[in-house]
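This report refers to the structure that appears directly beneath it.
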Amino acid sequence: MYSSVLNSFSHFQYAICTVVFVMMALIATPAYTQDVPVYSTVVEPYIELHTQPGRSYPVFYIAERGESVELLKQRTDWIKVRNLRGIEGWVHIDEIGRTVNEAGEALAIHSPNLDSFANRKWEFGVMLGDFDSSDAVTGYGGWQFTRNLSVEVAATENFGSFSDGSMITGSIVHQMFPQWRYSPFVTIGGGVRETRPRSTLVGTEDRTDNVASVGGGVRIYLTRKLILRLQYKHYVVMTDRDDDEEVDEWKIGISAFY
Amino acid sequence: MENWHKRVLLTAVAAVGSLMTGVATAQSTTVGEEIISPDIDRRTIEKPAIDTEDFEVGLYVGILSIEDFNSEIVYGVRGAWHITEDFFFEVDYAVSEADLTSYEEITGGPPLFEDSERDYSYYTLNLGWNALPGEVFILDDYTLKSDFFLIAGAGSTDFLGDNWFTVSVGAGYRLLLNDWITWRVDVRDHIFDRDVFGQDTTTNNIEWSTGVTFFF
C-alpha cells in the first residue's frame, strides 16, 4: 500500500512538491491584516520618498521632521508611505526604522543583517550538485525552532546514465555557532527514494526504498537575506536486495531566510 | 626592644591597611549595587504590522521550439520570491506536447514514439537578477516601474519517456501595471542532454512566452 502510493510518484508530483515549498514560504509569511493604519513620525531632519522601490529611482519628495506618514506596504527593503496630503512614495526600510510611533518609540524595523541571519526563523533555497556521480537538483525549506536547531524538508531529483530518481527527505540540522558568518552544521535525516531505470533499459522496474542520511556543511551569510550553502551527505538506501546502497552527495546552493 | 617596636609598627600598618581595604570594598559594594539594580522596565518593541508583498505568482503562455520537433504552444505557471530589490527566486512549471519529428515527417514511416511519450513538461528552480531596473513614462503624471532581468536555473524535463537534467538560462522583462499586477515577456533556453536516438546529444529548446503575474 505504502509503496504502491509512492510508485505513482511522478515527475508531475515532484513539480508539485517544489511548488509546496513556495506554498510553505507563503504560509510562513506573517499574515498581517491591515485593518488599523500604521502611522509614524519623522524625527530626523527629513526622509526621502523615491518614485519606485529601488535605490536608483529618483527622490521626488522629502518628508520633514514632525511630519506624519502612513505605512502602506513593504516590498523587499522598501516601504510605501503616504503623507497627510496624499503624496505617496517609497522609503528605504532603514530610514523608516529611524522614525517613531505614537508612543515616541523608534520602529523596530531595519534591513536584514548578520544578526537577522543568526535569528532567522525560515530558510528556503535551491541546491545543485553531485549525487552518486549524477547531476542532482534540490529544493528545500527549513524552520529554525531554536537558535541551534532546525527541521528541514528537501525534494531532490537526480539524473544518471542508467536511472534517475526522486527523493523526499526530512532532517534535523544542528548549527553550533549561529552567530558566525561561516556557520557550520551537522545533520541527520531519513526519507523515501524512488529509482526509475532509463526507458532504454529493458526488464527493469521502478523501485521505492527508504533512505537514511548523515551529513554536514556550512552556511555562509552573504548579504541581506542571502545565504550560500555547501553540504555533504552520506545516504544509505535500504534496498530489497542483499546489500544496501551507499551514496555520497555533494551540493552547493543559494538560500534566503527571514 | 627593637622587636617590640617593629611589632607595634607592623600591627599598626596592617590595621590601617585592612581598614583601607575595608573602606575600598565598602565603596565598591555601594557603586556595584547601583549598577546592578537599575529600575528600568524593559520595553517589548514590536515590529509594526506592515503588509509585505514579496511574492509574485502568475500564468504564462508561449511557443516552445523543441529540438528535432516542431515549435509548440506551451502553458506554464510561475511563482517568485523577491529577496532583495536585485535578486529573486523563481519556480516555473510548464507543459507542452510535441508532434512528429522532422525525420518522421520526411519519411512518413511508422511513428518513433508513442503519443504519451510526446508529452513535454518541465520544472526549473531559478535565481533571477534585476539587472536593469527602470521606469516607463506614459503620461506626464503616470509612470510604471519596469525590470529587465537575467535568470538562470536548473530542473527537470519529462520528455520521450524519461526525465532529463535541464539547465535553463534566459532573460525577461517585467512591467508593473500598478503596485501588484505585472505584464511579463520571457525568453528561455532549456538545455538538456538526451540519448533517445542512440547517442548523447545536447538539445536547446528555446521558449518565448508572455504572461501576467500578481504580487502579494
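The values are calculated or read from the model by the stated rules, or taken from the named source; none is laboratory data. Just so you know, these numbers come straight off a predicted model, no measurement behind them. Every residue, glycine as well, gets a Cβ built from its backbone with ideal geometry; the counts of neighbours run over all protein chains shown. Remember, those area values only see protein heavy atoms, side chains included, never the ligands or the DNA or RNA. Shrake-Rupley method; radii C 1.70, N 1.55, O 1.52, S 1.80 Å.
Quickly run through region A:134-147 and pick out the residues that are open to solvent by 30 Å² or more (accessible area, probe 1.4 Å) and either within 12 Å of chain B (Cβ to nearest Cβ) or in contact with a Ser or Thr (Cβ under 9 Å, 6 or more places away or on another chain) (or both). Steps first, answer last, please.
Keep residues of region A:134-147 that are open to solvent by 30 Å² or more (accessible area, probe 1.4 Å), which gives A:135, A:143, A:145-147.
Residues satisfying the conditions are A:D135, A:W143.
Quick one: which residue in B:F159, B:F165, B:F192 is open to solvent by 10 Å² or more (accessible area, probe 1.4 Å) and farther than 19 Å from B:W129 by Cα? Quick ask: steps written out before the conclusion?
Values: B:F159 fails: open to solvent by 10 Å² or more (accessible area, probe 1.4 Å); B:F192 fails: open to solvent by 10 Å² or more (accessible area, probe 1.4 Å).
Residue meeting the stated conditions: B:F165.
Just to check your reading of the model, which residue among A:R196, A:R224, A:R219 is on the phi > 0 side of the Ramachandran plot and touching a residue at least 24 places away in the same chain (Cβ under 8 Å)? Break it down into steps so the answer makes sense when it comes.
Values: A:R196 fails: on the phi > 0 side of the Ramachandran plot; A:R219 fails: on the phi > 0 side of the Ramachandran plot.
Exactly one of A:R196, A:R224, A:R219 is on the phi > 0 side of the Ramachandran plot and touching a residue at least 24 places away in the same chain (Cβ under 8 Å), namely A:R224.
The set of residues in region A:90-103 being modelled with pLDDT of 90 or more and away from chain B (no Cβ under 12 Å) consists of A:D94, A:E95. Within region B:155-178, residues that are within 7 Å of another protein chain (Cβ to nearest Cβ) reach partners that are in a strand (DSSP E or B) and open to solvent by 20 Å² or more (accessible area, probe 1.4 Å) with beta carbons closer than 6 Å, at six or more positions or on different chains, in the pairs B:F165/A:D135. Restricted to region A:148-165, and to residues there that are open to solvent by less than 60 Å² (accessible area, probe 1.4 Å) and of a type in the set (S, T, Y), the residue that is farthest from A:Y232 (Cα to Cα) is A:S163. A single entry from A:I172, A:I168 fulfils the requirement of being assigned to a strand (DSSP E or B), farther than 14 Å from A:E249 by Cβ, open to solvent by 10 Å² or more (accessible area, probe 1.4 Å) and without any contact (Cβ under 8 Å) to a residue 24 or more places away in the chain: A:I172.
Looking only at residues that are of a type in the set (K, R) and in a loop (DSSP other than H, G, I, E, B) in region A:76-103, which one is surrounded by the fewest Cβ atoms within 10 Å (Cβ to Cβ)?
A:R85
In region B:135-150, the count of residues that are under 14 Å from B:D186 (Cβ atoms), open to solvent by 50 Å² or more (accessible area, probe 1.4 Å) and away from chain A (no Cβ under 11 Å) is one or more. Restricting B:F55, B:F88, B:F69 to those that are out of contact with any Leu (no Cβ under 7 Å at 6 or more places or on another chain), within 14 Å of chain A (Cβ to nearest Cβ) and at pLDDT 70 or above reduces the list to B:F88. For region A:148-192, a tally of residues being away from every other protein chain (no Cβ under 14 Å), among the acidic types (D, E) and over 19 Å from the mean Cα position of the chain (by Cα) returns 0. Report yes if some residue within region A:104-124 is facing chain B (nearest Cβ under 10 Å), at positive phi and either among the β-branched types (V, I, T) or not in a loop (DSSP other than H, G, I, E, B) (or both); otherwise report no. The answer is no; no qualifying residue exists.
Does A:S111 qualify as being in contact with a strand residue (DSSP E or B) (Cβ under 7 Å, 6 or more places away or on another chain) and small (G, A, S)?
No.
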